[in-house]
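Enquirer: I have a structure I would like to understand better, so I am pasting it below and will then ask my questions one at a time.
Coordinate-derived values only; no laboratory data. Just so you know, these numbers come straight off a predicted model, no measurement behind them. Note that each Cβ is placed from the backbone with ideal geometry, even for glycine, and that neighbours are counted across all protein chains shown.
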Amino acid sequence: MKTNNLPYALPKLSYPWQISSATLRRQKAKTLSYSSDEITKALNVLEQCLEIISVLTLPPIESIPESVGEYWDLSTESLAKKMPTLDDLNFDKVAEFLKEEGIKSLSEQMVEDVAISWLWSVAQDIVKTVLRWLEHSLKEVNDAVKILRFINIAEHYWLHIDPPLAQSLLSRSAIIGWKKALPLLDYVENNAEASSKIKATVQDYKELILGVSNKNDIYEIQT
């Protein structure tokens, strides 16, 4: 059963993926080389953050003070200044932030809900950033073993995360893996638990992959 309590000690993410600030993390990620070591680290981070997201339940929006939730992106960055990396997650720091925001009636549950919401948001953004980076790096390096690992990660987690992120994960699998991703796309398309939007996404990418592949086959026969 999912719980809003941290289920285990947070994993130690590698640099720069552990940076809490979305802006700073994206800037630092652009400086990474497409080396085998960096790609492996990024795949580890992808798996670690998907695990975080899969075991946490996002608290209801009404549990977040309105003044904080209304500008949540700004609140997330403000909290990142107090907790520069995921390792720095600390409920006391969250309470300090809420007091600075003028929240007077603090409760332990409110502090926990804001902390969990922040962790969930940061982990989501790390996944989105690392997905973009892996798309570029794996397409350039074309390492079959690492591409297969990416697809295996997607296969394990797509059903345990929110649908929009699952769509992004599966579409990246298709872009990165191309024909190698077809078994996964077939599986998702025929899975009764997949939402209609997720099925539509994998169907679109299947048609793209098969269409381009068939055209290439015809061209090769003609030449």
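Enquirer: Taking the mean number of other Cβ atoms within 10 Å as a proxy for protection, how do you rank 53-63, 110-120, 172-182 from highest to lowest?
Expert: 110-120, 172-182, 53-63
Enquirer: With a cut-off of 8 Å between alpha carbons and a minimum separation of six or more residues, what is the relative contact order of segment 76-223 in percent?
Expert: It rounds to 16 percent for segment 76-223.
Enquirer: Using each residue's phi in segment 128-134, evaluate 6.51 cos²θ - 1.76 cosθ + 1.60 at θ = phi - 60° and report the 3J(HN,Hα) Karplus result to the nearest Hz, with x for Gly and Pro.
Expert: Listing the rounded values in order: 4, 5, 6, 5, 4, 5, 5 Hz.
Enquirer: Taking segment 11-141 as the region of interest, what is the percent of Cα-Cα pairs per 5 angstrom bin, listed from the shortest bin to the one with the maximum distance?
Expert: All Cα pairs, binned at 5 Å, distribute as 2, 10, 21, 21, 17, 12, 8, 5, 3, 1, 0 percent.
Enquirer: Further, regarding this structure: Take every Cα pair under 8 Å in segment 11-141 that's 6+ residues apart, average their separations, divide by the length, and report that relative contact order as a whole percent.
Expert: Dividing the mean separation by the residue count of segment 11-141 yields 40 percent.
Enquirer: Starting from the amide H of Y34, placed 1.01 Å from N in the peptide plane, find each other amide H under 5 Å away whose residue is 5 or more places distant or on another chain.
Expert: Residues meeting the criterion, in which the H sits 1.01 Å from N, do not exist here.
Enquirer: Something else: Quick one: which residues, 5 or more positions from L10 or on another chain, have an amide H under 5 Å from its amide H? H modelled 1.01 Å from N in the peptide plane, none for Pro or chain starts.
Expert: none
Enquirer: Order of S171, S195, S78 from fewest to most other C-beta atoms within 10 Å?
Expert: Numbers: S171 19, S195 12, S78 16.
Listing S171, S195, S78 from fewest to most nearby Cβ atoms yields S195, S78, S171.
Enquirer: Quick one: what Rg and Dmax do you get for segment 138-179 from the alpha carbons, in Å?
Expert: For segment 138-179, the Cα-based Rg and Dmax read 10.3, 29 Å.
Enquirer: What is the packing order of peptides 22-28, 148-154, 68-74, taking the mean over residues of other C-beta atoms within 10 Å and listing the highest first?
Expert: 148-154, 22-28, 68-74
Enquirer: Ignoring solvent entirely, what values of log10 I(q)/I(0) come out of the Debye formula for the chain at 0.07, 0.11, 0.12 Å⁻¹ when each Cα is a single scatterer?
Expert: -0.27, -0.61, -0.71
Enquirer: For segment 41-108 and segment 147-211, write down the distance between their C-alpha centroids in whole Å.
Expert: 29 Å
Enquirer: Next question. Rounded to the nearest 500, what is the 222 nm mean residue ellipticity of the chain from helices alone, with -39500 (n - 2.57) per DSSP H run of 4+ residues and division by all residues?
Expert: -22000 deg cm²/dmol
Enquirer: Using θ = phi - 60° and the Karplus curve 6.51 cos²θ - 1.76 cosθ + 1.60, what whole-Hz ³J(HN,Hα) does each residue of segment 56-64 get, with Gly and Pro shown as x?
Expert: Ordered by residue, 3J(HN,Hα) equals 9, 9, 5, x, x, 4, 5, 7, 9 Hz.
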